[in-house]
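Down below is the structure, laid out as structure tokens.
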Amino acid sequence: MIEKLRQDMVKTMKEKDKDRLTILRQIKAAVDMEHIDKKREITDELLIDVVAHQLKILNDSVKEFEKGNRLDLVEKARREIKVLNEYLPTPLTEDEVDCIIADAFEKIRPQSMRDMGTVMKEITPTVKGRFDMSSVSSKIKNKLN
């Protein structure tokens, strides 16, 4: 993924697509910032974390822009979201997530809400960046209750 980002940046520079290049540079800058600030190695996992975080922010922004009737900003944010989605692994379906949760419950056998962290720890590496983690959390809470 990191190599794909670098190759896409070079390709975009050659094509002189300034909007896309700006977005790709923002991704790379955010990855570099995480690498420096948190001393994390630059890996595909780091890229996925950064892209997922930026997507969350953009999706929240789209909602706010729609409330403020700023259609120009909504369109710009949606273009950015489209580019960012190219750097995430294929998303999971609801059924796949439900199966992953069921497997984790079978493996861990949680007894109460105190085991929520253990279940999340088991599921997160598989699901992170591929499905909304707040939805996963609520599914687990419902299953624990």
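Indicate the gyration tensor shape class of segment 94-144 (rounded, prolate or oblate), computed on the Cα atoms with a ≥ b ≥ c the square roots of the eigenvalues: a/c under 1.5 is rounded; otherwise a/b larger than b/c is prolate and the rest oblate. It is prolate, given that a/c is not under 1.5 and a/b is the larger ratio.
Residues considered: 38, 11, 128. Largest GNM mean-square fluctuation over the chain, using C-alpha springs under 10 Å, is found at 38. The length gained by stretching the chain between residue 71 and residue 85 to full extension, at 0.36 nm per residue less their Cα-Cα distance, is 3.0 nm. Using just its DSSP H runs of length 4 or more, each adding -39500 (n - 2.57), the chain gives a mean residue ellipticity at 222 nm of -25500 deg cm²/dmol after division by all residues. Of 43, 93, 124, which is the most mobile in a GNM of the chain whose springs link Cα atoms less than 10 angstrom apart? Result for the chain, Cα springs under 10 Å: 93 fluctuates most.
Farthest towards the positive end of the charge dipole of segment 2-85, among the residues 26, 57, 46, is the Cα of 26, using unit charges on the Cβ of Lys, Arg, Asp and Glu. By the count of other C-beta atoms within 10 Å, a proxy for reagent exposure, 17, 95 are ordered fewest to most as 95, 17. Assuming charge only on the beta carbon of Lys and Arg (+1) and of Asp and Glu (-1), the dipole of the chain about its Cα centre is about 340 debye to the nearest 20.
Label sites at residue 95 and residue 142, each approximated as a point 7 angstrom past Cα along Cα to Cβ, lie 1.7 nm apart. A simple spin-label model places the labels of residue 120 and residue 41 2.6 nm from each other, with each point 7 Å out along Cα-to-Cβ. Straightening the chain between residue 103 and residue 26 buys 24.0 nm, computed as 0.36 nm per residue apart minus the Cα-Cα spacing.
What length, rounded to one decimal in nm, is gained on full extension from residue 15 through to residue 112, with 0.36 nm per residue of separation minus their alpha-carbon distance?
Working: separation 97, 0.36 × 97 = 34.92 nm, distance 5.56 nm.
Here the answer is 29.4 nm.
Under the rule a/c < 1.5 gives rounded, and otherwise a/b versus b/c splits prolate from oblate, where does segment 1-64 land using the Cα gyration tensor? In terms of gyration-tensor shape, oblate.
Dipole size of segment 35-77 about its Cα centre, with +1 on Lys/Arg Cβ and -1 on Asp/Glu Cβ: approximately 160 debye, rounded to the nearest 20.
No value in this document is a laboratory result; all are computed from the given coordinates. Quantities reported herein were computed from a predicted structural model and do not represent experimental measurements. All Cβ positions, even for glycine, are placed from backbone atoms using ideal geometry, and neighbour counts span all protein chains on display.
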